[in-house]
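The values are calculated or read from the model by the stated rules, or taken from the named source; none is laboratory data. Being a predicted model, the structure only gives us computed values, none of them experimental. Ideal geometry is used to build each Cβ from the backbone, glycine not excepted, and the neighbour counts take in all protein chains shown.
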């Protein structure tokens, strides 16, 4: 099943239809819909793709936008990733605090910052670590563990 077919299948289910009932409601044979979903939307007739999209309240362009969005989504983080991020964040904060502090933010050392600035810096570092971890997971996840397209 290609990504378009997966999205269409999901939307049909979310709207409370069975595939057979949905196909009948848009005027195509259920076997045609099943074939479209199994073989991929790219092999279906343009008329049938438009009927399916219209039946779901979408344009073909909106379906394509959904596919692009799914292709650009980064992998989710698991519990181990979250623990690693918190450890790395704590290490960074420990390096910024104390006598050996070697960083400044807006001209102040970490110890001289007010609590709001400290929280902003911590939040920024944490978000950066999260993004870096998700990008690394996307880049280095072996193909055998990725969804087939």
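A single entry from 143, 118 fulfils the requirement of being loosely packed, with under 12 Cβ neighbours inside 10 Å and either modelled with pLDDT under 85 or touching a strand residue (DSSP E or B) at 6+ places or on another chain (Cβ under 8 Å) (or both): 143. Summed over region 90-112, the residues that are surrounded by 13 or more Cβ atoms within 10 Å (Cβ to Cβ), at pLDDT 70 or above and closer than 15 Å to residue 124 by Cα give a count of 4.
Restricting 42, 57 to those that are outside the structural domain of residue 140 (by TED's automatic domain parsing), loosely packed, with under 12 Cβ neighbours inside 10 Å and in a loop (DSSP other than H, G, I, E, B) reduces the list to 57. If you go through region 1-38 and keep only what is surrounded by 15 or more Cβ atoms within 10 Å (Cβ to Cβ) and in contact (Cβ under 8 Å) with a residue 40 or more places away in the chain, you end up with 2, 3, 4, 7, 8, 11, 12.
Could you say whether any residue in region 60-83 is modelled with pLDDT of 85 or more, part of a helix (DSSP H, G or I), in contact with a helix residue (DSSP H, G or I) (Cβ under 7 Å, 6 or more places away or on another chain) and farther than 28 Å from residue 13 by Cβ? Looking for residues that are modelled with pLDDT of 85 or more, part of a helix (DSSP H, G or I), in contact with a helix residue (DSSP H, G or I) (Cβ under 7 Å, 6 or more places away or on another chain) and farther than 28 Å from residue 13 by Cβ, one finds at least one in region 60-83, hence yes.
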